[in-house]
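Worksheet: one structure, shown below.
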Amino acid sequence: MNKFRLNLLHKNACWHTVADGLGQIWCAFPALSQKAKQLALKARIMRQTILTSILRIAAISLSLIVMLGTPIKAEIIGPNDTLQINVMEWDPVVTGGMKAWSGWTTDYIVDADGFVSIPFLGQTEAADITPAELGEMISEQLLGQLALPDRPAVAVSIIERPPVFVSGFVRDTGAIEYRAGMTAREALARAGGVPMLIGATDPLRTKLEAENRLADMIRQQDEMGARSARLRAEVDNLDEITFPALLGDSTEGSVIRAREEQLFQINRDQTKRRLALIDGRVRLLRNEIKSLEQKTLIIDKQLDLAKEQLEATEALAERGLTNQLRLLDSQGRLSALQIQSFDTRSGILEAEQDISFAESERLDAVQGVAAQRVRELQITAADLAETREERRLQERIILILDAVDGAEGALVAHIRRTDGSVLDGLDQYLMPGDFLQIQLKSDKKSAG
């Protein structure tokens, strides 16, 4: 390309010489003026054509030089990018080649709305187009705005882009330099990868221990979950247990559920038998009370008769019509009936107290057992929560060790763009200014 450009420059100089010579001949020999005029016009047209070709080749050469000298970060211009804009023009007098515009600032920053302020042109939209397209647009607008004789060569390159911000489960959080074609996986690697467990000098052994511990935690969680479901059914006085989903082996889980269902039935039968005994005793006591009340009525009638008889006997004794022995007999009969009435009423009170005690036992059989089950349920719930946290810890340890070996299946990448959009995936391409968050899959489930 350089050789071709030199040939054009040589031809342009020749045609420039020819045109000047023909002009001089035209002035010296008027007779030849018509032919000289035609040749001079042809020379000027050829020179203009060659000059235009040189300008185009120079613009292309300048673009290539800039591209090779300053690596372009990406094809598409975005907000907050720093651009380098060079404007060149042909200078046949001083340099005999391309010359940069004097006083022209070369570095420009694209604002958040995607515009860049260009001298003589003002706010120019630059986002979502390539540097070459922006260069063509600036060149065209400068040509028209400044009424230039020739179109200037404009080379645009992206020299700096906003960084990508990485956070979450990575070794080194913070900003990393953006590179064209960068994926979330590459950004994870450049952020140091995932952090290693402290003290995990033997990752394989640590993982095996965590897997064994996890199996124990899953079994315990299934046991406590089934126990909690059984206690909840007993507290709510339900006819059957609603078990939670099993986490571990289905066969072992079936044994756990069968054991809890058997215990549930035993407790229900015990409560029913106890309530049945209480109900039977209460019925006996109520029947006893009815019998004593009937006896009390009979005694009360006898007491009334005995009182009347005593009064009559006392009246006869005052008149001397009866002896003292008969009076004593009437008094003794009245006293005996009063004692029987007292005993009967005392029996009724005792039976009523026994019924109260039986009702207390019934209340204890229902509410007391329920309160005991509530306490057991609270203890089980606390143990279950502790076991669940321990299980999640072991799962996290295993995921961390898996992530050290390979990110697939262990990590989740969330990408939040500056425009508010969100993408997921380790193989998603990043853009300047993206916020990348790396999470373990267990952390994602816990957040959900």
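For residues that are open to solvent by 70 Å² or more (accessible area, probe 1.4 Å) and within 13 Å of Q302 (Cβ to Cβ), tally how many sit in region 322-340.
4
Which residue, of E223, E209, is modelled with pLDDT under 90 and within 30 Å of I397 (Cα to Cα)? Full working, then the answer.
Details: E223 fails: modelled with pLDDT under 90.
On inspection, the qualifying residue turns out to be E209.
To keep it simple, each residue is scored yes or no on (1) of a type outside the set (A, V, I, L, M, F, W, C); (2) surrounded by fewer than 17 Cβ atoms within 10 Å (Cβ to Cβ); (3) modelled with pLDDT under 90; (4) under 46 Å from the mean Cα position of the chain (by Cα).
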{"site": "A59", "(1), (2), (3), (4)": "no, no, yes, no"}
{"site": "I76", "(1), (2), (3), (4)": "no, yes, yes, yes"}
{"site": "P79", "(1), (2), (3), (4)": "yes, no, yes, yes"}
{"site": "T106", "(1), (2), (3), (4)": "yes, yes, yes, yes"}
{"site": "A112", "(1), (2), (3), (4)": "no, yes, yes, yes"}
{"site": "F120", "(1), (2), (3), (4)": "no, yes, yes, no"}
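Determine if region 346-367 includes at least one residue that is under 27 Å from A229 (Cβ atoms) and of a type in the set (S, T, Y).
no
Would you say L377 is within 24 Å of N237 (Cβ to Cβ), touching a residue at least 24 places away in the same chain (Cβ under 8 Å) and buried (at least 17 other Cβ atoms within 10 Å of the Cβ)?
Answer is yes for this residue.
The conditions are (1) modelled with pLDDT under 85; (2) open to solvent by less than 70 Å² (accessible area, probe 1.4 Å); (3) closer than 30 Å to L436 by Cα; (4) in a helix (DSSP H, G or I), and Q394 fails exactly one of them. Which is it?
That leaves (1) as the condition not met.
Of these, A155, A132, which one is aliphatic (A, V, I, L, M) and either assigned to a loop (DSSP other than H, G, I, E, B) or open to solvent by 20 Å² or more (accessible area, probe 1.4 Å) (or both)?
Numbers: A155 fails: either assigned to a loop (DSSP other than H, G, I, E, B) or open to solvent by 20 Å² or more (accessible area, probe 1.4 Å) (or both).
Of A155, A132, the one residue that is aliphatic (A, V, I, L, M) and either assigned to a loop (DSSP other than H, G, I, E, B) or open to solvent by 20 Å² or more (accessible area, probe 1.4 Å) (or both) is A132.
Anything in region 164-178 that is surrounded by fewer than 16 Cβ atoms within 10 Å (Cβ to Cβ) and farther than 20 Å from Q439 by Cα? List them, or say none.
E177 - this is the single residue of region 164-178 that is surrounded by fewer than 16 Cβ atoms within 10 Å (Cβ to Cβ) and farther than 20 Å from Q439 by Cα.
Going through D427, D343, D383 one at a time, which residue ends up being free of Cβ contacts under 8 Å to residues at least 12 places away in the same chain and of a type outside the set (F, W, Y)? Explain how you work it out, then say what you get.
On the way: D427 fails: free of Cβ contacts under 8 Å to residues at least 12 places away in the same chain; D383 fails: free of Cβ contacts under 8 Å to residues at least 12 places away in the same chain.
Residue meeting the stated conditions: D343.
Kindly indicate whether V194 is surrounded by 14 or more Cβ atoms within 10 Å (Cβ to Cβ), modelled with pLDDT under 85 and under 28 Å from the mean Cα position of the chain (by Cα).
In short, yes.
I need a count of the residues in region 235-291 that are part of a helix (DSSP H, G or I) and either under 20 Å from L363 (Cβ atoms) or open to solvent by less than 60 Å² (accessible area, probe 1.4 Å) (or both). Write out each step before concluding.
As a first pass, look at region 235-291 and keep what is part of a helix (DSSP H, G or I): 235, 250-291.
Filter once more, so that each one left must be either under 20 Å from L363 (Cβ atoms) or open to solvent by less than 60 Å² (accessible area, probe 1.4 Å) (or both): 235, 253, 256, 258, 260, 264, 267-286, 289.
Of the residues in that region, 27 qualify.
Assuming L146 fulfils every condition listed in (1) under 20 Å from E75 (Cα atoms); (2) out of contact with any strand residue (DSSP E or B) (no Cβ under 9 Å at 6 or more places or on another chain) apart from one, which condition is it?
Among (1) under 20 Å from E75 (Cα atoms); (2) out of contact with any strand residue (DSSP E or B) (no Cβ under 9 Å at 6 or more places or on another chain), the lone unmet condition for L146 is (1).
The values are calculated or read from the model by the stated rules, or taken from the named source; none is laboratory data. In this text the structure is predicted, and so the values were computed from the model without any measurement. When we count neighbours, we look across all protein chains shown, and the Cβ atoms used for this are built from the backbone with ideal geometry, even at glycine. Areas reflect the complete protein model, heavy atoms only, side chains present, ligands, DNA and RNA absent. Shrake-Rupley method; radii C 1.70, N 1.55, O 1.52, S 1.80 Å.
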